[in-house]
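To start, the structure under review is shown below, and the notes come after it.
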Amino acid sequence: MPGTQPEQLLTRARHQVTELEAIFAAHADGLVIYGPDGEIRSMNPAAREMFGASDGSEGEYAELMKALAPLDADGDPLPLDELPSRRAMRGELVHGFVMAVHTAKGLVWYSASAAPLWTADGAIAGAVVSCVDVTHLRRLKEEREKLVRALTHDARTRLNVIQTHGELLGRAAVDAEDARRRGGIIVSSTRRLAGIIDALVDGS
Amino acid sequence: MASAGTPGASLLVVEDDRDLREVLSDSLRLEGFDVLEAADGLDALEQLRHGVRPALLVLDLVMPRMDGRELLGAMRGEGALADIPVVLVTGTPPRDLQGEVRAILKKPVGIDELVACIRRNAAPARGDSLGGTGAARS
């Protein structure tokens, strides 16, 4: 029957669009679609939540892009050409690129993966970027590093106490009382050092 | 601990751990230095502001109230204190302070290493006992 096949194809295409929209909306990770000029076309609810955006109306996404001021994994400014979306627009696949942006709720760290959006004739029409929020993990890592630094400093201080008392016992003319006092400090420092090692092991 | 305002001291040992501060100071006195002690950066700054002018500061980095980094900043901001040489003795050596201090020693530091470093870096003394009487004099 004339016209039936195009109608079926249209119905099928609409169905697929509906499915993709549902997947896009329900995805737990942030998904951002970029247009051919690198502009944000759309963000799913998870991405809007992550980056503090609303519905993208009245040029909101363009303003958002200017304000994000991206940082690389070391916390240094990230050149715009190295953004996962820009790399994808050059045909590159990006996996797990850790970066951060400034948002209204503070610094947000995320792992970004990106892929180009190809047209049927092989041109790049945009990019899709998937963003997994790793802010919590990053903070945990920083807290752990801070703890290890503090415990390392304490451990080295105790070692210094032990070493210097030991050196003085070996070189200075000490009387029995002074030797007992220094020995006592060495023993108590050793015990404290053991406690620090336990804390390091427990925290690792 | 020596009282603030004591003039003519050659070294000021700034360390919050009392055991380490005392034993380092003991060992430096045995090497012939005049040693004052400060329990943290704020204590040290108060002594400096009261006229103590050591030939060198032996400075820990991680301390309560005012840490070594903050003390360095405060000293750099006060002309009379800006030129006092500083040797850091710390468990976690920082890379960014290498140009700010004369030397950075990592704990645990031996007496001979510390004494040699002090003698290399201390400001010329006003005819006092900077050189000490110890055998490690160079």
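Out of the residues in region A:85-102 meeting the condition of being out of contact with any Ser or Thr (no Cβ under 6 Å at 6 or more places or on another chain) and surrounded by fewer than 17 Cβ atoms within 10 Å (Cβ to Cβ), tell me which one is nearest to A:Gly75 (Cα to Cα). Across region A:85-102, the extreme among qualifying residues is A:His102.
Selection of region A:115-144 for residues being in a helix (DSSP H, G or I) and acidic (Asp, Glu) yields A:Glu142, A:Glu143. Of note, A:Ala112 satisfies the criterion of being in contact with a helix residue (DSSP H, G or I) (Cβ under 9 Å, 6 or more places away or on another chain), closer than 22 Å to A:Leu83 by Cα, more than 14 Å from chain B (Cβ to nearest Cβ) and assigned to a strand (DSSP E or B). Within region A:90-110, residues that are over 15 Å from A:Val129 (Cα atoms) reach partners that are in a loop (DSSP other than H, G, I, E, B) with beta carbons closer than 8 Å, at six or more positions or on different chains, in the pairs A:His102/A:Leu68; A:His102/A:Ala69; A:Thr103/A:Gly52; A:Thr103/A:Leu68; A:Ala104/A:Gly52; A:Lys105/A:Gly52. Restricting to region B:64-101, and then to whatever is within 14 Å of another protein chain (Cβ to nearest Cβ) and polar (S, T, N, Q), can you tell me which residue is nearest to B:Leu12 (Cα to Cα)? Here the answer is B:Thr90.
Answer yes if at least one residue in region B:57-71 is out of contact with any helix residue (DSSP H, G or I) (no Cβ under 8 Å at 6 or more places or on another chain), more than 19 Å from B:Leu114 (Cα to Cα) and in a helix (DSSP H, G or I), and no otherwise. Please lay out each step first, then the result.
Taking region B:57-71 and keeping what is out of contact with any helix residue (DSSP H, G or I) (no Cβ under 8 Å at 6 or more places or on another chain), we get B:64, B:69.
Adding the requirement that they be more than 19 Å from B:Leu114 (Cα to Cα) leaves B:64, B:69.
Those left that are additionally in a helix (DSSP H, G or I): B:69.
Yes, because at least one residue in region B:57-71 is out of contact with any helix residue (DSSP H, G or I) (no Cβ under 8 Å at 6 or more places or on another chain), more than 19 Å from B:Leu114 (Cα to Cα) and in a helix (DSSP H, G or I).
Among residues of region A:55-69 that are surrounded by 15 or more Cβ atoms within 10 Å (Cβ to Cβ), those with a beta-carbon under 9 Å from a residue that is at pLDDT below 80 at least six positions away or on a different chain give the pairs A:Leu64/A:Gly56. Residue check: A:Arg149 meets all listed conditions (1) within 30 Å of the chain's Cα centre (by Cα); (2) surrounded by 14 or more Cβ atoms within 10 Å (Cβ to Cβ); (3) assigned to a helix (DSSP H, G or I) but one, namely (2). Give the residues of region A:113-122 that are modelled with pLDDT under 95 and among the small types (Gly, Ala, Ser), sorted by residue number. Passing the criteria: A:Ala120, A:Gly122.
On the basis of being away from every other protein chain (no Cβ under 14 Å), of a type outside the set (Lys, Arg), touching a Gly at 6+ places or on another chain (Cβ under 8 Å) and on the phi > 0 side of the Ramachandran plot, does B:Gly41 make the cut?
Values: away from every other protein chain (no Cβ under 14 Å): yes; of a type outside the set (Lys, Arg): yes; touching a Gly at 6+ places or on another chain (Cβ under 8 Å): yes; on the phi > 0 side of the Ramachandran plot: no.
So B:Gly41 does not fit the description; no.
For region A:70-89, a residue qualifies if it is more than 12 Å from A:Val129 (Cβ to Cβ), in a loop (DSSP other than H, G, I, E, B) and free of Cβ contacts under 8 Å to residues at least 24 places away in the same chain, and the qualifying residues are A:Asp74, A:Asp76, A:Leu78, A:Pro79. When A:Arg156, A:Arg171 are checked against the criterion of being crowded, with 19+ Cβ neighbours inside 10 Å, under 27 Å from B:Leu59 (Cβ atoms) and within 14 Å of chain B (Cβ to nearest Cβ), a single residue qualifies: A:Arg156.
Going by the structure shown, is A:Val201 within 30 Å of A:Ser111 (Cα to Cα) and either modelled with pLDDT of 90 or more or not in a helix (DSSP H, G or I) (or both)?
On the way: within 30 Å of A:Ser111 (Cα to Cα): yes; either modelled with pLDDT of 90 or more or not in a helix (DSSP H, G or I) (or both): no.
So A:Val201 fails the test.
The values are calculated or read from the model by the stated rules, or taken from the named source; none is laboratory data. Small disclaimer: the values here were computed from a predicted structure and weren't measured. Reconstructed Cβ throughout: ideal geometry from the backbone, glycine too, with neighbour counts over all protein chains shown.
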